[in-house]
Amino acid sequence: MQLAPDRSIVCPFVIGRTEFLEPFERVVDIVCSGEGRVITIAGEAGIGKSRLVAELRACARAVTPEASLRVLEGHCFEPDESLPYAPMLDFLRTLLDGIPHDDAVALLGPEAGAIARLLPELKLDGAEAPWSEAEPEQERRRLFRALVQLITRLSREQPLLLVIEDVHWSDETSLECLLHLIRAIASERVLVLLTYRSDEVRPPLAHFLAALDRGRMAIEWPLRRLSVAEVSEMITAIFDLTSPPHPEFVRPLHELTEGNPFFIEEVLKSLIAAGDIFYANGVWDRKPIGEIVIPRSVQDAVHQRSSRLSGEARRILTYAAVAGRRFDFALLERVSGVPERELLGLVREMISDQMVIEESTDRFAFRHALTQQSLYADLLGRERRLLHQEIADAIEAMYGEADARLGELAYHYFEAGEWECAFEYASRAAERAQKLYAPAEAVAGFTRAIRAAAEQGHDAPAWIYRARGSSYESLGSFELARDDFERALALARDAGDNAAEWESLIRLGFLWATRDYERTGDFFRRALDLARASGDASLLARSLNRLGNWLVNTGRAAEGRAEHHAALEIFEANGDETGIAETFDLLGMANGMAGDVRASIEDSRQAIERLRALGDDLGLASSLTTRAVYSSMLMGDTTLSPLRPVEETIREGEEAMVVAKRSGSLAALSFAEWVLGVTMGSAGRFGSGVAHLREGLRIAEEIDHQQWLAGSLTSLGQVYWIMLDGEQAVEQLERALPIARAVKSAWWLNNISSYLT
């Protein structure tokens, strides 16, 4: 389903600026009581200054029925830098718009004669002489005084809001007039609201702002860029969604636009016009961000800026755009061939023109990702390939194969069409990202490696598909993970690689545990048969663990624990610390589910010690979560555990949440939030408990983790039951029951049924 190309892409309300509304109402109250105020709203182009002003203007017109402000508006435009009094002309015409001539003269009162000099359309009988050439300063002061007297007189009739937008384009005379006005309104019912671009402060405006600061005459409200959560809220509002969009839709858009509202709307508009936003599998999705055509409005803004640079600076800027959002000075020096001192001058020119910023002594960055992409989009395809080749060769020569440069080398060799190098570096960069718990970056790297292999006429090896599938699983992308695991399984079978086939079966079993326990058991049994046939003790022990966990979850706890103990014997005999740690983690869960709390806590303790030593965040999050829940209130009982104090278990639950976030696994984070909610809620801390449970539920819904959905809803029901809110308890448990039936988990079915009964 495609979105209509003519759909309005404007957020229907202001996002991320609500913190200004209450202070503004307080300022309006002060102004209405007879004290003048000035507010300056600063921010980069597109950050939402005008949208906030519109909201404040509406607020000013109807704060209360008794105290609404009369609004006068003036705007400055780029040509106005050489046009004296441009914003004053604008707000005067706003004031007089639609008023008959005689009424306009009456409204201007005694100041009409002086103001008529600014408004030639205002014809006065016996008008004063034209501007005097002999005393220009005196005439200017007279006009300043007339404007101040007009504003003052109007404010005494009704409190006044004077809005002047984009004063960065104002001329020096207008700024001086504004300063004169601001100094005169301290005891008048006037609120002056000024906006300006913080990245375009030229000397006249800098002098004006410094004067305001010295006199402490203004409150400054700097507008920040929107957060990822606020971008999600903005997209939800624009498309009128019933639930937030998937993070994988939002994060790249936030990264590209850096939370600039104008850029967000323009990119979304571009996506819709090209049909690149679409509805599939029940969610809105988009093409990869790298395939987005930069909107013309953004390109025009970038071209206008870059055209002011010297020819040599534009050449250096092109190298920088190909290098990426961030670039090293040393790399620019090498590829451009420009000596250091001369290059410093050119980079300074780019900084002065607000194209780039200095991040450190040796590193610079484009102020906006879209600036870099617009410059890059202007290059011919062949130009890009040659420049990427130059940059890749330079990085390799300068830094060798340092881990920190693997991603850059993979990207530049890929874009240069050097497929063998691209495959090698992309694979290594993706593996490194996985070790650093960065699943999104790992997916990007493995995808690049798969495409590089295809360009060479062959498929990527099974391990790359399996590794990418694991990263997709961490991100909650079930279908993509399943496709990769199934592809890896087929490749392993074709190659006769039993170990790779076994690993793919295990991964598929893990994946299906989120949806369907019957299918999980099928994959784990097939993996166990393969391990036994291979004679590999390590594969056998790992298979026993997986099958044991499945047996516990399907209501056969005694059989499951027996498989875990058999696995533990093998790992201990082989001195396999990773295997031992994994087994104690699973035994902690198995004994807890079987009701042996003391054994569960001890097994989890042993797992935690080993997993800390191994640096395994994913396993550590699991063991911390398990020990927290089984040593607290036993998932719903109101009797405190005699084994550990409640504060200790809550701290452990909080640590589990931190570790889960660090691991990058949304499933682990959902589990940790859910368990912390159980721990707090069943200890009587209902507000915090329910909040954490609902956050765990939200994440489970986001990644469609059916088992965690059943668990979160069940635990919500249990906590509401403890709170004696039977209606809410039943509602949550009845939502959980069909999910547990679909997953075919005996553990959850038994728990839900008993609480419902």
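Before anything else, pin down the relative contact order of the stretch 547-620: Cα pairs under 8 Å, at least 6 apart, normalised by residue count, whole percent. Walk me through the numbers on the way to the answer.
Numbers: 87 pairs, mean separation 18.5, N = 74.
Normalised by residue count, the contact order of the stretch 547-620 is 25 percent.
Using only helices, what value at 222 nm comes out for the chain when you add -39,500 (n - 2.57) per DSSP H run of length 4 or more and divide by the total residues, to the nearest 500 deg cm²/dmol? Spell out each step's value before the answer.
Working: 35 runs with 494 residues, N = 757.
After summing the helix terms and dividing by residue count, I get -21000 deg cm²/dmol.
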Quiz item: For labels at Glu647 and Ala186 in the simple 7 Å Cα→Cβ model, what's the distance in nm?
Solution: 5.4
Quiz item: To the nearest 10 degrees, how steep is helix 247-257 against the longest Cα principal axis of the chain, on a 0 to 90 scale?
Solution: 40
Self-check item: For the chain, size of Cβ-based charge dipole, Lys and Arg +1, Asp and Glu -1, in debye
Solution: 740
Quiz item: Of the heavy-atom accessible surface of the chain (probe 1.4 angstrom), what whole percent is carbon and sulfur?
Solution: 51
Quiz item: How large is the charge dipole for the stretch 347-436, taken about the Cα centre, if only the Cβ atoms of Lys, Arg (+1) and Asp, Glu (-1) carry charge, to the nearest 20 debye?
Solution: 260
Quiz item: Counting pairs of alpha carbon atoms under 8 Å apart in space and at least six apart in sequence, what relative contact order in percent does the stretch 510-574 give?
Solution: 27
Quiz item: What FRET efficiency, computed as 1/(1 + (r/R0)^6) with R0 = 45 Å and r the Cβ-Cβ distance, is obtained for Ala402 and Phe686, rounded to the nearest 0.05?
Solution: 0.30
Quiz item: Which shape class, rounded, prolate or oblate, goes with the stretch 531-620 when its Cα gyration tensor gives a ≥ b ≥ c as root eigenvalues, a/c under 1.5 marks rounded, and past that a/b bigger than b/c marks prolate?
Solution: oblate
Practice problem: Provide the gained length on full extension for the span Asn750 to Arg216, in nm with one decimal, where the gain is 0.36 nm per separating residue minus the Cα-Cα distance. | Solution: 185.4 nm
Exercise. Would you work out which of Gln372, Ala397, Ala426 lies farthest towards the positive end of the dipole of the stretch 320-437, given +1 charges on the beta-carbon of Lys and Arg and -1 on that of Asp and Glu, about the Cα centre?
Key: Gln372
Exercise. For the stretch 596-736, just say rounded, prolate or oblate: build the C-alpha gyration tensor, square-root its eigenvalues into a ≥ b ≥ c, call rounded for a/c under 1.5, and beyond that prolate if a/b exceeds b/c, oblate if not.
Key: oblate
Quiz item: What net charge do the residues around Ala492 carry, taking every other residue with its C-beta under 9 Å from that of Ala492, with Lys and Arg at +1 and Asp and Glu at -1?
Solution: -2
Quiz item: When only C-alpha pairs under 8 Å and at least 6 residues apart count, what is the relative contact order of the chain, in percent?
Solution: 8
Exercise. Report the antiparallel proportion of the DSSP beta bridges in the chain as a percent, rounded to a multiple of 5.
Key: 35
Quiz item: Rounded to the nearest 0.05, what FRET efficiency do Glu200 and Leu386 have when you use their Cβ-Cβ distance and R0 = 30 Å?
Solution: 0.30
Quiz prompt | Per-residue HN-Hα couplings for the stretch 162-173 [Karplus 6.51, -1.76, 1.60; θ = phi - 60°; Hz; x = Gly/Pro] | solution = 9, 9, 10, 9, 6, 5, 5, 9, 7, 7, 5, 5
Self-check item: Highest average packing first - 107-116, 706-715, 353-362, 142-151, Cβ atoms within 10 Å
Solution: 706-715, 142-151, 107-116, 353-362
Exercise. Multiply the residue separation of Arg612 and Gln158 by 0.36 nm, subtract the distance between their alpha-carbon atoms, and state the gained length in nm to one decimal.
Key: 156.6 nm
Quiz item: Just the accessible area per residue of the chain, please: how many Å² with a 1.4 Å probe?
Solution: 44
Quiz item: Ranked highest first by average number of other Cβ atoms within 10 Å, how do 338-347, 440-449 line up?
Solution: 440-449, 338-347
Quiz prompt | Cut-off 13 Å between beta-carbons: net charge of the residues surrounding Phe24, Lys and Arg +1, Asp and Glu -1 | solution = 0
Self-check item: Near-label residues of the stretch 557-578 by backbone N, under 11 Å of a point 7 Å along Cα→Cβ of Ala537
Solution: 569-576
Quiz item: Taking the mean number of other Cβ atoms within 10 Å as a proxy for protection, how do you rank 540-546, 561-567 from highest to lowest?
Solution: 540-546, 561-567
Exercise. Quick one: angle between helix 439-455 and the longest Cα principal axis of the chain, in degrees between 0 and 90, rounded to 10, please.
Key: 80
Quiz item: Assuming R0 = 35 Å, what is the FRET efficiency of Gln456 and Glu255, from their Cβ-Cβ distance, to the nearest 0.05?
Solution: 0.70
Exercise. Determine the sum of side-chain charges near Gly615: Lys and Arg each +1, Asp and Glu each -1, restricted to other residues whose C-beta is under 12 angstrom from that of Gly615.
Key: +1
Quiz item: What nm value, rounded to one decimal, do you get for the distance between Ala742 and Glu312 when each label is placed 7 Å out toward the C-beta?
Solution: 6.6
Self-check item: Segment Ile351-Arg363, extension gain: residue separation times 0.36 nm, minus the distance between their alpha carbons
Solution: 3.1 nm
Quiz item: Which one is right for this structure if log10 I(q)/I(0) by the Debye sum over Cα atoms at q = 0.05, 0.06, 0.10 Å⁻¹ is calculated from it: (1) -0.31, -0.44, -1.10; (2) -0.44, -0.60, -1.10; (3) -0.38, -0.53, -1.11?
Solution: (3)
Self-check item: Angle in degrees between helix 381-399 and the longest Cα principal axis of the chain, rounded to the nearest 10
Solution: 70
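The values are calculated or read from the model by the stated rules, or taken from the named source; none is laboratory data. Predicted, not measured: the structure shown is a model, and the values here were computed from it. Please note: Cβ atoms are built from the backbone with ideal geometry, for glycine as well, and neighbour counts cover all protein chains shown. When the accessible area is computed, the model is the full protein with side chains, heavy atoms only, and any ligands, DNA or RNA have been set aside. Shrake-Rupley method; radii C 1.70, N 1.55, O 1.52, S 1.80 Å.
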